[in-house]
1. Determine the distance separating the Cα centre of the range 354-414 from the Cα centre of the range 34-113; give it in Å without decimals.
2. Run through the range 319-350 and list the chymotrypsin sites (Phe, Trp or Tyr not before Pro) located in a DSSP loop whose Cβ has at most 15 other Cβ atoms within 10 Å.
3. Only Cα pairs under 8 Å and at least 6 apart count here; give the relative contact order of the chain as a rounded whole percent.
4. Helix-only mean residue ellipticity at 222 nm, the chain, DSSP H runs n ≥ 4 weighted -39,500 (n - 2.57), per residue, nearest 500. What is it?
5. For the range 257-304, run through the GluC sites (Glu not before Pro) and keep only the ones in DSSP coil with at most 14 other Cβ atoms within 10 Å of their Cβ.
6. Could you work out how far apart the two model spin labels at Arg293 and Asp250 are, taking each label as a point 7 Å from the Cα in the direction of the beta carbon, and quote it in nm?
7. Can you compute the FRET efficiency between Asp182 and Asp65 using 1/(1 + (r/R0)^6), with r the Cβ-Cβ distance and R0 = 45 Å? Round to the nearest 0.05.
8. Take the chain, mark every one of the trypsin sites (Lys or Arg not before Pro) that falls in a DSSP loop and has at most 14 other Cβ within 10 Å, then report the longest stretch left between them, sites excluded.
Amino acid sequence: MRHRGGHDRTRRQILKATLVGAGWLAGCHPPMPMTELSGDFPLGVASGDITSSSVLVWTRYLRTDPLELIVWKGAPEGANVVVAQPVVSIEKEGVVRLVVDDLAPDTRYTFAFYPLIDGQRGAPSELGNFRTAPAADVAAPLVVAATSCTRLGYPMTVLERAAARRDLDLFLMLGDNTYADDATTLTDYRRYWEATLVEPGQRALRAALPIISTWDDHEFENNWSFESIDPKRFDAAARAFFEHVPARRDPVHPERIWRSFRWGKTAEFFVVDSRGERRPSTRESASPEYISRAQMDWLKAGLSASDAVFKVIVNSVPIAQYGGVLFDRYVADRWEGYPVQRDEILKHIDDNVRGALWIGGDFHLASMGYVSRDGPGKDAIEVLVGPGANAQNPSPSYPRPPQFMWASGVNNYTTFSFNPAAREVRVTFFDAGDSILADRTFTL
C-alpha cells in the first residue's frame, strides 16, 4: 500500500504564478518580478508552537537591508494579505523569530519574508504554510505526523515525503533533530544546525507544516544530564537550539521547554523535557528526579485539568518498559531508571486521566505497545517514532508481543489520525518510499 500525497505544483511555481502576476495591497509596492527565490534565506522558513490565534514564524536572513513579513489568508495572492509588517528585531547570525497574533482559528495561512531594498520588495524567501488550531470548544478530526533522530549524512527522504502530503496539520519533532555531540562552543553548535537544516528534507518539512519540538541528548551531548553537562556548554547548545527551532521561549525561564498547546477540544499536546532536569545522583534516593518537581506537578495538573479528548504527551525518551541485553544496559538513561517518578505519573494517569497517549523517540526504533507489563501503565499506550534519518537500533532483538504489537528500525515517519467523536487514533508508519509499515487504531 502506498500513500501518494504531494502538491500539484512546487512552491517555486506557485510563487512565480501568484507573486509576479497577482495584485497587491493598495498603496504598496508590488513584488519584484523574479525567476528564482532569494538566496538570502539559506535555511528556508519555518513555523511552530501554533495556537488558535498565533504562531511563531522563523527564518535566517543574510542581508542587512530591512525585512518585511507578509502573511496571506489561504493562497498567496494580493487580496488575501492579512499581515504586512516590518521585522523590527533580527537576532545575531540573522535569526528571525517573530510571533504573529490576531489570526483566525482553524484557518490556513501562507507566509514569506521580503528584503526591502531601497524601499522596494526584493526577491522573497520560499513560502511557509500553517493552519491555526480550532477554537477551544471545537472537536474536529486532526492528523499529526512525527519522527525523531535526524542525522546529517543519512537520507532525509521521509521528511520530504511528510512535507509533500496535503492532509497533515502539524508535525512533532521528538528530539535529536541534529547531532552536535562534539560541539563545545556556540559557533560549533550553530554550524551543526546550519548543516542539518540546509538539507532539502528539513527545509521542505519546516516550510510545509507548523512544528512542535522538544530536545533530546544529541542537540547537546550524548546522554547528557543536568548534573553532567558543563554550564557553558549547556548555555551554548540551548541558545543554538532556540536560534534554529521555531519554539516559543518562556519569559521567566527562557531555557524551559516543557509547555502545552491545545488543538481545539480534540487534543492537548504536553511537551516534556526528558533530559534537561534529570539528576542521576538521586536515582537510588527516596526522591529521584528524572524531571523536576515543578515539571511533574505541572504535567499532572495539566493532564487532570484538560478537557481535550486526547492528551498527547510528547516525550523524547520512552516511558515504556523494555527488556533485552542492550536495553537493560541503558536503563539509567530513561524513565525506567527512575521507577518512583515513573510510577507516580503513570498511576496519576491511570486514576485521573482519560485519553492519554505517549509518543516517544530516541531509540532509533519505531514501535507500538503497552507502557508496562503490569502495574501502573499496563493499559496505557506508547508509540515510538523514528528514526527519521539514522541507523537502525542495533539490538539483536526488538520488542515483541504480548506487550508490544509491532517494532521496526526502518527509517520512518508516523501519522496520528485523531477522531474525537469515536475517541480513536489511527497510527500509521510510513517508510522512505511512503509504503505503509504498520497500521493500527487505538480507542483511548
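The numbers here are math on the coordinates, done by the rules we state, and not lab data. As the structure is a prediction and not an experimental result, all values here were calculated from the model. Every residue, glycine as well, gets a Cβ built from its backbone with ideal geometry; the counts of neighbours run over all protein chains shown.
1. Cα centroid of the range 354-414 versus Cα centroid of the range 34-113: 36 Å apart.
2. Tyr330
3. 15 percent
4. Helices in the chain give a 222 nm mean residue ellipticity of -5500 deg cm²/dmol.
5. Hits after loop and neighbour filter: Glu284.
6. Placing both labels 7 Å beyond Cα along the Cβ direction yields 1.5 nm.
7. 0.80
8. Formally, the longest exposed-site-free interval is 167-353.
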